[in-house]
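Notes follow once the structure below has been shown.
The values are calculated or read from the model by the stated rules, or taken from the named source; none is laboratory data. The model shown is predicted, which means the values in this text are computed figures rather than measured ones. Reconstructed Cβ throughout: ideal geometry from the backbone, glycine too, with neighbour counts over all protein chains shown.
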């Protein structure tokens, strides 16, 4: 059974890494600014999902798995131990929440910038936006 | 006998693979509107993966931002600028 | 010689180099200093390293004309590479250099891991 | 000690809150002078707090000060850990930012919307101080984002100038990519070590290599460290504008507001250098897992080569420039190259006293270069701002209107080239000594060659602004606060040189207590002490 787990997880990780690579290519080498924005959102989404997969500690202790929410309002020590066994790691989720919010701000700024650039240069093709050189 | 968790994991792997296809299409597609749609598909798949990975709180934030807000803003941007990517 | 590790001799040495440099720069400035009188063919050649002759009618040497002579004579090839291949102002051209640097870093990591796996 | 740690923790929240409250205040107050005074006061308070912190550090024998956010103990909560190095650099950065704010009070005459400007500039200072003081890898990411977003906004501040927009997009797209990459690096580190605290990482990375155990959470500690350091180095060489990642600097410089340029070259890029030093010497030192199969050595070697390349390319491109600030951008790149050249002398083959000289030269040169550059930018800014021109041809002779600017430019050129009574000479001398005693005289030759080539570039500014007679009739603007700024900085660079034995001795103590093995041990021990206090003295 463990082999199937590892295999499927590897597939997940691998496709996310491929996503990262493709979107990295998109941000760096695609000439259209809008395409760059789209690639950038995909890139940060993939980074976030990497963090979440790492926080999903399924392979560390196979068995039950639950969101990191403690249901019992007055937990005993055993409750907490049991909780720590089944819960996913909450820290990456907190990190991802922060990253999503920051990414939103950056994307909005980039959209505004692209709009302004289109107003001045009449294009969103980066090969033609090259007044500053040398 | 197949465990339920293996099925969940299998579904997740399937989603991840299809998200790769969606990403590839989004990057290579010439028409920007279609590219946005592909990236929305990819975001939806990611949201489902988040759900399977026991992160419902992320889903709650991620879906409005990445599936709703980003495509809307970028579509607005496309409407004001260019619809096609140049060669 | 260059290999002077104690502070005093290094200090003297570097000061000499600096002095030499300053002298050199001073000479360059003196040679290129604008002359309001008739300019000889020689100085004309100094200025006109690729510049339009109209700059001679200006009361003093403009920025753009000053180093062009030296630059064009000595660093022509280097500058052509730097300006036309590297600092083109297009983001896509930078991306090649930037990814090359990232790839070097990752490649080194993979090599280091590979060696430890082999040994 | 407790109070000192609270002061450390209070600096960034103070800056952040005062930054975000400006848009609110702008609903009620429209007066420009109010915002000038407000921002200046806040940055003066930040400067006072960081210098007070550094004074406490010296008093306590350079024992690192740890601040726990919200009282959460490390490694669970976020901590700020200030040792001698980041104490000094935090003081330095807040000084540079204070000068930038002081200059802004003069510069604000020429810009329309002051509120937005000060919001972003205070945000930038928050990011810089946060990045420098933090003791947590993920908090570094957050602060890096704060810094970056403010920096993009400031680069695009003149939204009506196409060049400003172009520069901002070039910076912002790759900047956003780069910070996301750093996020991945932190996640990788967390996955392998199960911690985000810097001191904890330091302990675990050293332990892992000596005892050979691995695989804490996910994957292998060694491969995770290698991947994380690869990404981190790429990110922070972009932020600090090392050679292949330097392209954004001249573009941003040629279009941003003048005080922002001073802040960029004095503080933002130095922050990048600082983080690289922190990662290469504290987190992943010579004893850590990174030393596996010579990976750390080869990375340092590549950084050395890139440093030389950066110095040469920067100083060659300087000669070609027509825009005054673009020229200064390339000069920054060339100096960053010099900094990376001494930074990378930590290979295992180099004895530790040479490394100590090299790192002393590094810190000394950071201060020299930063103050010289700020002096240069404020002098050139005084000349160029009233006309609105940045072209050297169009500025020719204009500094004859402003004698103080001529003095400032002259002193700054001497400082940046490294002439003898100025500080720049002595830090280059230290670098020279480090190169020679490391047994690589070619590096010393490269240092001299870079200084020589770049002096031609500085001469260009000199020659354009000071020598030629004044051609155009231009209205003279009142210098106001620029006179004290320029004269204070000119005196400062001179003093840095005249008292160079004392200064270099002091910096050597700082380096010894932060980056050398003794200092790294202190960094780790104060983390352990905080942890022990929390768990109840055990």
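Taking the condition buried (at least 16 other Cβ atoms within 10 Å of the Cβ), farther than 27 Å from residue C:29 by Cα and at the interface with chain C (Cβ under 10 Å from one of its Cβ atoms), does residue D:432 pass?
Values: buried (at least 16 other Cβ atoms within 10 Å of the Cβ): yes; farther than 27 Å from residue C:29 by Cα: yes; at the interface with chain C (Cβ under 10 Å from one of its Cβ atoms): yes.
Yes; evaluated as a whole, the condition is true for this residue.
Scan D:167, D:176, D:156, D:192 and give me the residue that is surrounded by 24 or more Cβ atoms within 10 Å (Cβ to Cβ), farther than 28 Å from residue D:249 by Cβ and either more than 10 Å from chain A (Cβ to nearest Cβ) or out of contact with any strand residue (DSSP E or B) (no Cβ under 9 Å at 6 or more places or on another chain) (or both).
On the way: D:167 fails: farther than 28 Å from residue D:249 by Cβ; D:176 fails: farther than 28 Å from residue D:249 by Cβ; D:156 fails: farther than 28 Å from residue D:249 by Cβ.
Testing whether each residue is surrounded by 24 or more Cβ atoms within 10 Å (Cβ to Cβ), farther than 28 Å from residue D:249 by Cβ and either more than 10 Å from chain A (Cβ to nearest Cβ) or out of contact with any strand residue (DSSP E or B) (no Cβ under 9 Å at 6 or more places or on another chain) (or both) leaves just D:192.
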Task: Top-ranked residue of segment B:23-44 - restricted to ones that are within 8 Å of the chain's Cα centre (by Cα) and at the interface with chain A (Cβ under 9 Å from one of its Cβ atoms), ranked as farthest from residue A:49 (Cα to Cα) - done: B:38
Task: Qualifying residue in segment B:22-31 (condition: touching a strand residue (DSSP E or B) at 6+ places or on another chain (Cβ under 9 Å) and surrounded by fewer than 16 Cβ atoms within 10 Å (Cβ to Cβ)) - done: yes
Task: Residue pairs meeting the criteria (Cβ under 7 Å; at least 6 apart or on separate chains; first without any contact (Cβ under 8 Å) to a residue 24 or more places away in the chain, in segment D:62-74; second surrounded by fewer than 18 Cβ atoms within 10 Å (Cβ to Cβ)) - done: D:70/D:77
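Can you report the number of residues in segment A:17-33 which are more than 13 Å from chain C (Cβ to nearest Cβ) and modelled with pLDDT under 90? Give the derivation first.
Our first condition is that a residue be more than 13 Å from chain C (Cβ to nearest Cβ); within segment A:17-33, this holds for A:18-19, A:22-23.
If we keep only those that are modelled with pLDDT under 90 as well, we get none.
Looking only at that region, the number is 0.
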Task: Hey, residue A:120 more than 25 Å from the chain's Cα centre (by Cα) and at pLDDT below 70 or not - done: no
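Grab the helices (runs of 4 or more DSSP H) fully contained in segment D:449-538, keeping just those with 2 or more residues being more than 25 Å from the chain's Cα centre (by Cα), surrounded by fewer than 18 Cβ atoms within 10 Å (Cβ to Cβ) and free of Cβ contacts under 8 Å to residues at least 12 places away in the same chain. Explain how you work it out, then say what you get.
Numbers: elements: D:482-498, D:500-512, D:517-535.
Hits in segment D:449-538: D:517-535.
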TODO: Determine whether residue A:10 is modelled with pLDDT of 70 or more, over 15 Å from the mean Cα position of the chain (by Cα) and more than 14 Å from chain C (Cβ to nearest Cβ).
DONE: yes
Open item on the list: Any residue that is at pLDDT 90 or above, more than 9 Å from chain A (Cβ to nearest Cβ) and under 14 Å from the mean Cα position of the chain (by Cα) - is there at least one of those in segment B:75-86?
Closed with: no
TODO: Using the structure shown, decide if residue B:66 is out of contact with any strand residue (DSSP E or B) (no Cβ under 7 Å at 6 or more places or on another chain), more than 22 Å from residue A:54 (Cβ to Cβ), facing chain A (nearest Cβ under 8 Å) and in contact (Cβ under 8 Å) with a residue 12 or more places away in the chain.
DONE: no
